[in-house]
Ligand SMILES: Cc1cc2nc3c(=O)[nH]c(=O)nc-3n(C[C@H](O)[C@H](O)[C@H](O)COP(=O)(O)O)c2cc1C
């Protein structure tokens, strides 16, 4: 991938290829985008300790999550509509993740759904679940996941309402259910994207395809699927889900220690410390600032994931040192897919893995395991507050 050295390069490449409405949808955060910026600022404020004259060699980047060995400590989180950013976007991410030796998490709002991705990638992705108001619809979704052989469900709980993302309001993203002249103009300015994605008609969300009540085309379906989400999520729904799902259950979107303890007590196998990439509660905390408290709240046994603003190997190292088991990245995978399909996602895995490896070596460490054991001693004490 010529000229692409890091995630920022992918972000710029994606913006050059995507119609503005989608580039803004991916990048944007809620209201004044304060939480969005804070995720990055707090990661950057942490300073790592440089240690020298130690044997380092080729570092071991593997981690073990509830008995499953993964080659890297990071991977793709659930991002809706990947197939809108590039034809077969979900498949590109799933294939690259399989090759990298980590799971991918398929969003409920995917163009290619569970059946398709599992059929063509020889690996079953993890599945992200949004609860619909209709319990029957939820049972159906769980049944599909069971049949396909899904190992983990990520139950997203931070979207009882969809927050306001002003870039989307300006672009008319939520109000769109047909292709307007203004949108056609944007598509015309991005011919490579248009030819690729629109070649077989406007994409459909697989979960909604063949169901006229959700409308036609991904944009209308997105709006209708979102409007049907359960707005009154409660802890008893989590307990219910626990009794219906025998596989791993990970609760995604927790930021408060009391909620984390309650998730553990409700039978969750793990949690994702997440503020939805700064897209929901504005003026909230950064996710990195909550990792240590999260580990204390849930204890050593549960899986601890974190996401939100992770762009560099150094960011990933910081989360692991504070107690996370695994880091999810959202936008970087969307940007890679938009820029260059599966080869681009392979490239993202490759340079981020290299960044993690080099950082470990320069800290005098030989493995992610050693880093976890080192804990807060990985940091210059004055940068921890
Ligand atoms: C364009 C976009 C779509 C997303 N769609 C979903 C989704 O369908 N389900 C979900 O649980 N989270 C979704 N998220 C949130 C991500 O899973 C993740 O929490 C967030 O993107 C992490 O922050 P990062 O993008 O800075 O890495 C989405 C995020 C973005 C940017």
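Within region 72-84, can one find any residue that is surrounded by fewer than 24 Cβ atoms within 10 Å (Cβ to Cβ), away from the ligand (no atom under 16 Å from the Cβ), more than 20 Å from residue 354 (Cα to Cα) and modelled with pLDDT of 95 or more?
No - not one qualifying residue is present in region 72-84.
Going through 137, 148 one at a time, which residue ends up being farther than 29 Å from residue 63 by Cβ, more than 14 Å from the chain's Cα centre (by Cα) and more than 13 Å from the ligand (Cβ to nearest atom)? Don't jump to the end; show me each part of the working.
Details: 148 fails: farther than 29 Å from residue 63 by Cβ.
Being farther than 29 Å from residue 63 by Cβ, more than 14 Å from the chain's Cα centre (by Cα) and more than 13 Å from the ligand (Cβ to nearest atom) holds for just one of 137, 148, which is 137.
I'm told residue 220 meets every condition in (1) part of a helix (DSSP H, G or I); (2) on the phi > 0 side of the Ramachandran plot except one. Can you identify the failing condition by its number?
Condition not satisfied by residue 220: (2).
Quickly run through region 249-259 and pick out the residues that are more than 15 Å from the chain's Cα centre (by Cα), buried (at least 19 other Cβ atoms within 10 Å of the Cβ) and either within 27 Å of residue 32 (Cα to Cα) or away from the ligand (no atom under 16 Å from the Cβ) (or both). Step through it out loud before you land on a result.
Step one: of region 249-259, the residues more than 15 Å from the chain's Cα centre (by Cα) are 249, 255-259.
When the remaining residues are screened for being buried (at least 19 other Cβ atoms within 10 Å of the Cβ), the result is 249, 255.
Within region 249-259, just 255 meets the criteria.
What pairs can you find where one residue is in region 56-69 and within 16 Å of residue 320 (Cβ to Cβ), the other is at pLDDT 95 or above and exposed (fewer than 10 other Cβ atoms within 10 Å of the Cβ), and their Cβ atoms are less than 9 Å apart, with a gap of 6+ or different chains?
As it stands, the answer is 62/69; 63/69, since those pairs meet every condition given.
Filter region 261-282 for residues that are away from the ligand (no atom under 16 Å from the Cβ) and part of a helix (DSSP H, G or I); which is farthest from residue 307 (Cα to Cα)? Spell out how you get there, then give the answer.
Within region 261-282, the first condition is being away from the ligand (no atom under 16 Å from the Cβ), and the residues that meet it are 261-262, 264-267, 269.
From what is left, the residues that are part of a helix (DSSP H, G or I) are 261-262, 264-265.
Details: 261: 19, 262: 20, 264: 19, 265: 22 Å.
Looking at the filtered set, the residue picked out is 265.
Is at least one residue of region 12-24 within 16 Å of the ligand (Cβ to nearest atom), buried (at least 21 other Cβ atoms within 10 Å of the Cβ) and in a loop (DSSP other than H, G, I, E, B)?
Yes, region 12-24 has at least one match.
Does any residue of region 133-143 turn out to be part of a loop (DSSP other than H, G, I, E, B), touching a residue at least 12 places away in the same chain (Cβ under 8 Å) and crowded, with 20+ Cβ neighbours inside 10 Å? Full working, then the answer.
Initially, region 133-143 is screened for residues part of a loop (DSSP other than H, G, I, E, B), giving 133-134.
Next cut, touching a residue at least 12 places away in the same chain (Cβ under 8 Å) only: 133-134.
Those still in the list that are crowded, with 20+ Cβ neighbours inside 10 Å too: none.
Within region 133-143, none of the residues are part of a loop (DSSP other than H, G, I, E, B), touching a residue at least 12 places away in the same chain (Cβ under 8 Å) and crowded, with 20+ Cβ neighbours inside 10 Å.
Out of (1) modelled with pLDDT under 95; (2) more than 13 Å from the ligand (Cβ to nearest atom), the odd one out for residue 173 is which?
Every condition holds for residue 173 apart from (2).
Residues to consider are 378, 319; find the one that is within 18 Å of the chain's Cα centre (by Cα), crowded, with 20+ Cβ neighbours inside 10 Å and modelled with pLDDT of 95 or more.
Numbers: 378 fails: within 18 Å of the chain's Cα centre (by Cα).
Only one candidate passes the filter, namely 319.
Just to confirm my filter: which strands (runs of 3 or more DSSP E) fall fully inside region 63-126 and include at least 2 residues that are more than 16 Å from the chain's Cα centre (by Cα)? So that I can check it myself, show each step before the final result.
On the way: elements: 63-65, 68-70, 74-76.
The strands (runs of 3 or more DSSP E) meeting that bar are 63-65, 68-70.
Looking at region 92-113, which of its residues are touching a helix residue (DSSP H, G or I) at 6+ places or on another chain (Cβ under 7 Å), surrounded by fewer than 24 Cβ atoms within 10 Å (Cβ to Cβ) and free of Cβ contacts under 8 Å to residues at least 60 places away in the same chain?
Within region 92-113, 98, 103 qualify.
Answer yes or no as to whether residue 128 is closer than 24 Å to residue 116 by Cβ and either away from the ligand (no atom under 16 Å from the Cβ) or buried (at least 18 other Cβ atoms within 10 Å of the Cβ) (or both).
Details: closer than 24 Å to residue 116 by Cβ: yes; either away from the ligand (no atom under 16 Å from the Cβ) or buried (at least 18 other Cβ atoms within 10 Å of the Cβ) (or both): yes.
Considered against the rule, which asks whether it is closer than 24 Å to residue 116 by Cβ and either away from the ligand (no atom under 16 Å from the Cβ) or buried (at least 18 other Cβ atoms within 10 Å of the Cβ) (or both), residue 128 comes out as yes.
So which of 120, 161, 124 is more than 24 Å from residue 327 (Cα to Cα) and without any contact (Cβ under 8 Å) to a residue 40 or more places away in the chain? Spell out how you get there, then give the answer.
Details: 161 fails: without any contact (Cβ under 8 Å) to a residue 40 or more places away in the chain; 124 fails: more than 24 Å from residue 327 (Cα to Cα).
The conditions single out 120.
The values are calculated or read from the model by the stated rules, or taken from the named source; none is laboratory data. Just so it is clear, the model here is predicted, and its values are computed rather than measured. All Cβ positions, even for glycine, are placed from backbone atoms using ideal geometry, and neighbour counts span all protein chains on display.
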